[in-house]
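Accompanying notes for the structure given below.
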Amino acid sequence: MKLEDLRKIREKAEKELKLREGKARVKIVVGMGTSGIAAGAREVLKAFIDEIEKRNLQDVIVTQSGEKGLSSHEPVAEVWEEGKPIVVYGNLTPEIARRIVAEHIVNGNPVTEYVIEVKEA
Amino acid sequence: MPKRLDILVCSGAACISNDSTTIKNRLQAVLKEHNLEDEVAIVETGCMGPCELGPVMLVYPDGVFYIRVKESDVEEIVKEHIIRGRPVKRLQWTTPEARRIVEEKKQIPFFEKQLKIVLSNCGKIDPENIEEYIAVGGYEALAKVLTEMTPEQVIEEMINSGLRGRGGAGFPTGLKWKVTRESPGDEKFVVCNGDEGDPGAFMDRAILEGDPHSVIEGMAIAAYAIGAKQGYVYVRAEYPLAIKRLEKAIQQARKYGLLGNNIFETSFSFDIEIRIGAGAFVCGEETALIASIEGKRGQPRPKPPFPAQKGLWGKPTLINNVETFANVRHIILNGSKWFASIGTETSKGTKVFALSGKVNNTGLVEVPMGITIKELVFDIGGGIPDNKKFKAVQIGGPSGGCVPADYADTPIDYESLRKLGTIMGSGGVIVLDEDTCMVNLAKFFLDFTVEESCGQCVPCRIGLKHLYDILDRITKGRGKMEDIETLEKLGEEIKRTSLCGLGQSAPNPVLSTLRYFREEYIEHIKDKKCRAGVCQFEEAKEEEVSLEEKLKGIV
């Protein structure tokens, strides 16, 4: 690896992280640390994927991360949408995950009662 | 079988007069055309309320609310929304409430008061994808030190930053690097201490799981600074996910040429291996950890010589904690001045705490040094559940002590905590409410350290057991007043004479509860009363019969 290589990877990866280039409109990041998994994050992740497949939403990707810290509100997931603040959800269940896909991702109405934070992208 | 979707058609009087029945019939027909009648249920409901917007229709579980629906819209709704999952925007009613919440940028104090440096990537990037780490500036600090800085400059930068060891003792990190660099030896090692053993602490686990590359990068920078080619990460076997993610991260870093030979086309070569520990608390002590990596029994040895002089296989070795290494790249990229501007006079940067116990928001928090205990418990932690009274916090786990509520305005830094008889430790914070018995709490931690003592030195092996036995007696209502003095004397003696940090700090929970909650000990002994209602006192026993008395009739 050369220095330039690192810069190149960064440029490319930065774009993907920020969802530019129209590859995906929405990214869902599920916290998959030990606390999250213990609280049921795996089922939540599966529900997100399943619901997105069921609705054939091709512009939504689901990915994982470590934990955000708020263990008492696990499972936690973030919804990243281009040009919008990041919405963080807590206390998720597979049912709520499905609702988030339907109400927030599809309809643009965040499921407010489970929003724990909204922050700048 | 439940249906995938429910379409609720309003059949209130207002909507019916707006022809909602025709819409319902049309809907039935279109669903049938597309063979959807098994998947979608049509439910006629009573009045939904917003009659002036009728006919209205609600689709569940999506929660999509359609207004002013006409017969001619039904086909589109079925084709777009029901089949493709894309609600018909022009007919949709968005509640102002939902829009407002996003626009107002809801912040709860849990996140607001935090300053995330070490945890900045945790919960944000995919830890199993090195490119996401690179996207947020990963490995740029390594590139910078290898191509622009001498090892001496790196060490100077670390010294100027004021970073101190996050494992608990708070030794200046830069100085440790400098000593290791200056120790004579042809081969040197870098070791990452991930043997996080305090009950309730999981900072290191979260970092290894959420941002493993930041630890790898920190270790590589340290290796360059001290002149090492090989590094080891010591993680406990109880952290399978952390091990898996770290292993994956190491493999990816190798694949990208960020570990291995001639990194960034320089003469610097470095690689990392994982060593899995069996989960003994004492192996968090650096000399015991080294012994364990060497394949020996995990027992500490006297210092000096320090690992910086004689460490792994007798070679100069740099041991830092996971969180310490995770700080390194930020210091290199943003500069020591930036880092030193955060925190207090003597404690720079941030500290990650694992907040647990009787507090509303439990979890991991990263705060600037100098934040007060009150802010931590009430602003970030959200206070005590069930309107109970805040009693104390136990900081530093079994090696730490408790700080009573009266001292809640104390800023959290290495020195202030030491003055109060506790230590920063690795960052476990247990919040206690009025239902906690302080004597029982001390007993709980002693139970842990008695179990975890390696048994090598007498003060720790026998002394701690005596401390425990006395505490046990007191919590059962069999304590004597002179026990208090014995606890204090014995505790101080164990601290003074134990071989390693385990024994030297294990009496802290007893000594600090005696310091701040002595009246509870006295109540237990004199009144056989536990104000928290935790301790179960045994019925007063008949006067003990001496051995001679018992033998009288026999001999």
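Points worth noting:
- With a Förster radius of 22 Å applied to the beta-carbon distance between residue A:25 and residue B:67, the computed FRET efficiency rounds to 0.30.
- Solvent-accessible surface (1.4 angstrom probe) belonging to residue B:283, in square angstrom, nearest 10: 10 Å²
- Convex hull of region B:469-525 built on C-alpha atoms - directionally averaged projected area, nm²: 3.6 nm²
- The Cα-based radius of gyration of region B:356-495, divided by its Kirkwood radius, gives an Rg/Rh of 1.00.
- Filter on B:124/B:244; A:15/B:255; A:15/B:229; A:15/B:248; B:176/B:358 - keep pairs with C-alpha separation over 28 Å: A:15/B:229; B:176/B:358
- Only Lys, Arg (+1) and Asp, Glu (-1) charged, at Cβ; chain B dipole about Cα centre in debye: 740 debye
- Residues residue A:43 and residue B:17, FRET efficiency given R0 of 41 Å [Cβ-Cβ distance, rounded to 0.05]: 0.35
- Region B:190-281: C-alpha gyration tensor shape, a/c 1.5 cut-off, then a/b vs b/c: prolate
- Stretching residue B:497 away from residue B:44 to a fully extended chain increases their span by 155.1 nm, per 0.36 nm per residue minus the current alpha-carbon distance.
- Put a plus charge on the Cβ of each Lys and Arg, a minus charge on the Cβ of each Asp and Glu, and nothing anywhere else: the dipole of region B:469-538 about its Cα centre is then about 100 debye.
- In plain terms, chain B is cut at each of the GluC sites (Glu not before Pro) found in a DSSP loop with at most 11 other Cβ atoms within 10 Å, and the longest leftover piece is B:105-344.
- Cα principal axis extents for chain B, largest first, Å: 101, 79, 48
- Each Lys and Arg contributes +1 and each Asp and Glu -1, all at the Cβ; summed about the Cα centre of the protein assembly as shown, the dipole is approximately 1040 debye.
- For region B:285-377, the residue among B:314, B:336, B:376 whose Cα projects farthest onto the positive side of the dipole built from Cβ charges is B:314.
- Taking all protein chains into account, the per residue accessible area for the protein assembly as shown stands at 42 Å² (1.4 Å probe).
- Extent along the principal axes, Cα only, for chain A: 46, 30, 25 Å, with the longest axis given first.
- Note on residue B:313 and residue B:153: their simple-model spin labels are 3.2 nm apart, each label 7 Å out from Cα toward Cβ.
- Over region B:203-361, the Kirkwood radius and the radius of gyration, each from Cα atoms, give a ratio Rg/Rh of 0.98.
- Along the axis of the charge dipole computed for chain B (Cβ charges of +1 for Lys and Arg, -1 for Asp and Glu, origin at the Cα centre), the listed residues B:185, B:138, B:216 are led at the positive end by B:185.
- Equivalent-ellipsoid semi-axes of the protein assembly as shown, from the Cα gyration tensor, Å, largest first: 53, 36, 20
- Charge dipole of region A:9-121 about the Cα centre (unit charges at C-beta), most positive-ward option of A:71, A:39, A:102: A:102
- Estimated vicinal HN-Hα couplings, Hz - region B:485-490 in sequence order (Karplus 6.51, -1.76, 1.60; Gly, Pro = x): 5, 4, 4, 5, 5, 5
- Using θ = phi - 60° in the Karplus curve 6.51 cos²θ - 1.76 cosθ + 1.60, the 3J(HN,Hα) couplings for region B:332-348 round to 5, 6, 9, x, 5, 4, 4, 5, 5, 7, 9, x, 10, 3, 9, 10, 9 Hz; x is entered for Gly and Pro.
- For residue B:343, the residues whose modelled amide H falls within less than 5 Å of its own, excluding neighbours fewer than 5 places apart on the same chain, are B:349, B:369.
- Over 27 Å between alpha carbons, listed pairs B:296/B:443; B:489/B:529; A:84/B:144; A:8/A:46: B:296/B:443; A:84/B:144; A:8/A:46
- The modelled label-to-label distance for the pair residue B:527/residue B:75, using points 7 Å beyond Cα in the direction of Cβ, is 8.4 nm.
- For a paramagnetic label modelled on residue B:86 (point 7 Å from Cα along Cα→Cβ), amide N atoms under 13 Å away belong, within region A:91-121, to A:106-107.
- Table column - 3J(HN,Hα) (Hz), region B:124-134, Karplus curve with 6.51, -1.76, 1.60, x for Gly and Pro: 10, 9, 7, x, 9, 10, 4, 5, 5, 5, 5
- Sequence-distant residues sharing a close amide H with residue B:164 (under 5 Å, placed H): B:173, B:348
- log10 of Debye I(q)/I(0), alpha-carbon scatterers only, for region B:154-233 at 0.13, 0.18, 0.19 Å⁻¹: -0.43, -0.82, -0.91
- Distant-in-sequence amide contacts of residue B:260, defined by a placed amide H-H separation under 5 Å and a gap of 5 or more residues or a different chain, comprise B:270, B:271.
- In plain terms, the bigger the Kirkwood radius, the slower the diffusion; for region B:408-555, with that radius from Cα pairs, at 4 °C and 1.567 mPa s, Stokes-Einstein puts D at 77 µm²/s.
- Chains B and A together, accessible area buried on both sides, 1.4 angstrom probe, square angstrom: 4600 Å²
- Those trypsin sites (Lys or Arg not before Pro) in region B:325-405 that DSSP places in a loop and that have at most 12 other beta carbons within 10 Å: B:389
- Loop sites by DSSP among the trypsin sites (Lys or Arg not before Pro) of chain A, restricted to those with at most 13 other Cβ atoms within 10 angstrom, leave A:24-121 as the longest stretch without any of them.
- The protein assembly as shown: antiparallel DSSP beta bridges as a percent of all, rounded to 5: 55 percent
- Quarter of Cα convex hull surface for region B:236-306, i.e. mean projection, nm²: 6.1 nm²
The values are calculated or read from the model by the stated rules, or taken from the named source; none is laboratory data. Values in this document were obtained by computation on a predicted structure and should not be read as measured data. Cβ atoms come from the backbone with ideal geometry, glycine included; neighbour counts cover every protein chain shown. Note: accessible area is taken over every heavy atom of the protein model, side chains too, but ligands, DNA and RNA are not part of it. Shrake-Rupley method; radii C 1.70, N 1.55, O 1.52, S 1.80 Å.
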